[in-house]
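Visitor: Take a look at this one; I'll ask things after.
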Amino acid sequence: MTWITPFPLDSDIGVRFYGSRMSTETTTSPLLRSAALGSHRLANRLVMAPMTRNRAASDGTPSPLMADYYAQRASAGMIIAEASTPNAVGRTYPNITALYSDAHTAGWREVVRAVEAAGGGPLFLQIQHGGRVGHPDTSGHTPLAPSAVPLPDTIHTPTGRQAAVTPRAMTTAEIGSTVADFAAAARRAVDAGFAGVEVHSANGYLLHQFLAPNTNLRTDGYGGGVPGRIRFTTEVVDAVAQAIGPERTGLRISPGNPVNGITDTDADELYPALLRANAGKGLAYLHLAYADPAAPLFARLRALWTGTLIANPVLPREQIPADGGREAAERLLAAGADLVALGRPFLANPDLVERIRTGGPVNPVRARYAMYTGGATGYTDYPALPALAR
Ligand SMILES: Cc1cc2nc3c(=O)[nH]c(=O)nc-3n(C[C@H](O)[C@H](O)[C@H](O)COP(=O)(O)O)c2cc1C
C-alpha cells in the first residue's frame with residue numbers, strides 16, 4: 001500500500017481557488033446517495049474524517065469556536081469528530097480535546113447541539129490515547145506505552161518541539177484502567193449526544209503501538225505473536241461496546257501506515273486476525289484510513305468485515321485534488337466501501353457535499369500552521385459557495 005502521513009502540508013500556499021467559475025450542473029455521484037448506518041439514515045455517503053485541530057481550551061474542553069466549525073460542516077453524511085483523550089496521560093499535543101470531566105462533556109454537548117441545529121448528524125467522536133506520542137510538558141505525566149520504546153522524533157509541546165521522552169511500559173493494572181477509561185469516555189460521549197464513538201487504533205497512537213511489533217516488545221499476554229498484540233484493541237472495543245452498545249462502537253485502523261514510527265511488519269496477518277476477532281460483534285463500522293482499493297489487503301479486509309466499511313482514500317499529500325477527492329472516493333465505493341471519509345477536503349470546504357454535487361470549485365487547504373493553531377484563521381474562515389458567488 002502507499003501511505004501518506006496524516007499531517008501532510010508543509011507550506012503556506014496562500015488562498016486560491018480551483019476553477020474560475022461555479023458550475024450550475026449537478027452530478028449524480030454515488031457518493032450523494034443516502035445510506036443506512038444502523039438505525040441512522042445518512043443523507044449521503046461522505047463522512048468527515050476525524051481531524052485534530054487543537055482548538056480546545058488548555059484543559060481539553062471543546063470551545064464555542066469548535067461548535068461553529070462542525071456546524072459549518074453539517075451537510076456531511078456523518079461527522080467523526082476529532083481525537084479526544086480519555087484520560088490525562090493519553091494527551092498527545094497542546095489544546096487537543098478530552099473527555100473525562102463534566103466540563104469536557106458539557107463542551108462536547110454544545111458541539112453536538114450546534115451540528116444538529118444545523119441539520120447535521122449523526123456524529124461519532126474518536127477516542128484516542130496517545131501512548132508514547134505525548135510529553136510530560138503537555139500532559140503532566142510520563143507517557144505510557146506497551147514498551148519503553150521512544151518515538152523516534154520530536155513532538156509538539158506548549159514550548160515548541162522537543163525530543164520525545166522514553167515512555168514507561170504499562171503494567172497490567174494500567175492496561176485495565178485504560179480500557180475502563182475508554183469505556184467511561186464512551187459513556188460521556190453518548191451523554192453529550194454523540195451517536196457513538198470511534199476507537200482509534202490507527203496512526204501510531206497507543207492502540208496501534210500495541211499492534212505493531214516494533215513498539216510492542218511485551219512478553220506477557222498483551223505482546224508477542226498476533227493474538228497477544230491484538231488483545232488490547234479487542235479489549236477496548238469490547239469494553240466500549242459493553243458500555244454503550246456495539247451499534248454505537250466504531251473502530252479505526254491504518255494497516256501499514258508508518259506514521260509516528262510504526263513498522264507494521266506483519267500487517268497481512270495481524271489485521272485479518274484483528275477483524276476476525278471483532279467482526280461478529282455487530283459494531284457500527286470499521287474505518288480504514290489511507291485505503292488503497294488496488295491493494296490486496298483492502299479486498300481481504302472488505303471480505304472479512306461484513307458490517308459497514310468506511311474507507312478513507314490516499315489523496316496527494318501536498319494538496320487536495322481539484323475535484324475535492326471525488327474520484328478517489330468513488331473508486332473506493334466501487335471497490336466495496338459503504339461510506340468514504342475525507343479529511344482535508346472537509347477541512348477546506350465547509351460545504352464539500354454541495355461542491356461535489358454541483359462540480360463547483362474547491363477551496364485548497366491553506367497554511368499547515370493554521371491546522372493546529374488556535375483561532376478562527378484557517379479554521380472557520382474557509383468560504384462556502386454563496387460567499388464565492390457574491
Ligand atoms: C489536520 C489533520 C488532523 C488529523 N487528525 C486526526 C485525528 O485526530 N484522528 C485520526 O484518526 N486521523 C487524523 N488525521 C488523519 C485524517 O483523518 C485523514 O485520515 C487524513 O487527513 C487523510 O485524509 P485526506 O487526504 O482526505 O485528508 C488528521 C489529518 C489532518 C490533515
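Visitor: Give, to the nearest whole percent, the P(r) tail of the chain beyond 42 angstrom, counting all Cα pairs. The partial results should precede the final answer.
Guide: On the way: 4127 of 75855 pairs.
Every Cα pair in the chain considered, those over 42 Å come to 5 percent.
Visitor: Check residue 320: other-chain or 5+ apart residues with amide H under 5 Å from its amide H, H built from backbone geometry?
Guide: Amide H neighbours of residue 320: 365.
Visitor: Moving on to the next point. State to the nearest 20 debye the size of the charge dipole of the chain about its Cα centre, where the only charges are +1 on K and R beta carbons and -1 on D and E beta carbons. Kindly include the intermediate steps, with their values, before the conclusion.
Guide: Numbers: 34 positive and 32 negative charges, 92 e Å.
My answer is approximately 440 debye.
Visitor: Under the rule a/c < 1.5 gives rounded, and otherwise a/b versus b/c splits prolate from oblate, where does region 114-258 land using the Cα gyration tensor? Could you put the intermediate results ahead of the total?
Guide: Details: a/c = 1.98, a/b = 1.35, b/c = 1.47.
Because a/c hits 1.5 or more and a/b fails to exceed b/c, region 114-258 counts as oblate.
Visitor: What is the distance, in nm, between label points placed 7 Å from the Cα along the Cα-to-Cβ direction at residue 113 and at residue 154?
Guide: Roughly 4.2 nm, to one decimal.
Visitor: Can you tell me the FRET efficiency between residue 34 and residue 318 if r is taken as the Cβ-Cβ distance and R0 is 35 Å, rounded to the nearest 0.05?
Guide: Values: r = 33 Å, r/R0 = 0.95.
E(calc), rounded to 0.05, equals 0.60.
Visitor: Classify region 245-390 as rounded, prolate or oblate, taking a ≥ b ≥ c as the square roots of the eigenvalues of its Cα gyration tensor: rounded when a/c is under 1.5, otherwise prolate if a/b is larger than b/c and oblate if not.
Guide: Numbers: a/c = 2.07, a/b = 1.80, b/c = 1.15.
The shape class here is prolate.
Visitor: Arranged by the count of other C-beta atoms within 10 angstrom, fewest first, what order do 191, 323, 102 take? It would help to have the intermediate numbers written out before the result.
Guide: Details: 191 15, 323 19, 102 10.
Lowest count first: 102, 191, 323.
Visitor: I'd like the distance between the alpha-carbon centres of region 233-278 and region 160-214, rounded to an integer number of Å.
Guide: 12 Å
Visitor: Additional query: Only Cα pairs under 8 Å and at least 6 apart count here; give the relative contact order of the chain as a rounded whole percent. Show your work: numbers first, answer last.
Guide: Working: 924 pairs, mean separation 81.6, N = 390.
Once normalised by length, the contact order is 21 percent.
Visitor: Put +1 on the Cβ of every Lys and Arg and -1 on every Asp and Glu Cβ in the chain; which of 261, 103, 348 then has its Cα farthest towards the positive end of the dipole?
Guide: 348
Visitor: Provide the net charge surrounding residue 100, with neighbours chosen by a C-beta distance below 13 Å and charges set as Lys +1, Arg +1, Asp -1, Glu -1. All intermediate terms of the calculation are to be shown ahead of the outcome.
Guide: Details: positive: 91, 187, 188; negative: 59, 102, 181, 191.
After counting each charged neighbour, the total is -1.
Visitor: Among residues other than residue 283 whose Cβ falls under 11 Å from its Cβ, what is the net charge (Lys/Arg +1, Asp/Glu -1)?
Guide: Values: positive: 248, 281; negative: 198, 238, 247.
My count for the surroundings of residue 283 gives -1.
Visitor: Top mean-square fluctuation among 255, 62, 227, Gaussian network model of the chain, C-alpha springs under 10 Å?
Guide: Per the Cα network of the chain with a 10 Å cutoff, 227 tops the list.
Visitor: Where does helix 102-117 land angle-wise versus the long Cα axis of the chain, in degrees 0 to 90, nearest 10?
Guide: It works out to around 30 degrees.
Visitor: Testing the spin-label approximation: label points 7 Å from Cα along Cα→Cβ at residue 377 and residue 177. State their distance in nm.
Guide: With each label placed 7 Å out from Cα toward Cβ, I get 4.1 nm.
Visitor: On C-alpha positions alone, give me the angle between the axis of helix 231-244 and the longest principal axis of the chain, in degrees, nearest 10.
Guide: Tilt relative to the chain: about 60 degrees.
Just so you know, all these numbers are worked out from the coordinates, no wet-lab data involved. Predicted model only: the values in this text are computed from it and were never measured. Cβ sites come from the backbone with ideal geometry, for glycine too, and all protein chains shown count toward neighbours.
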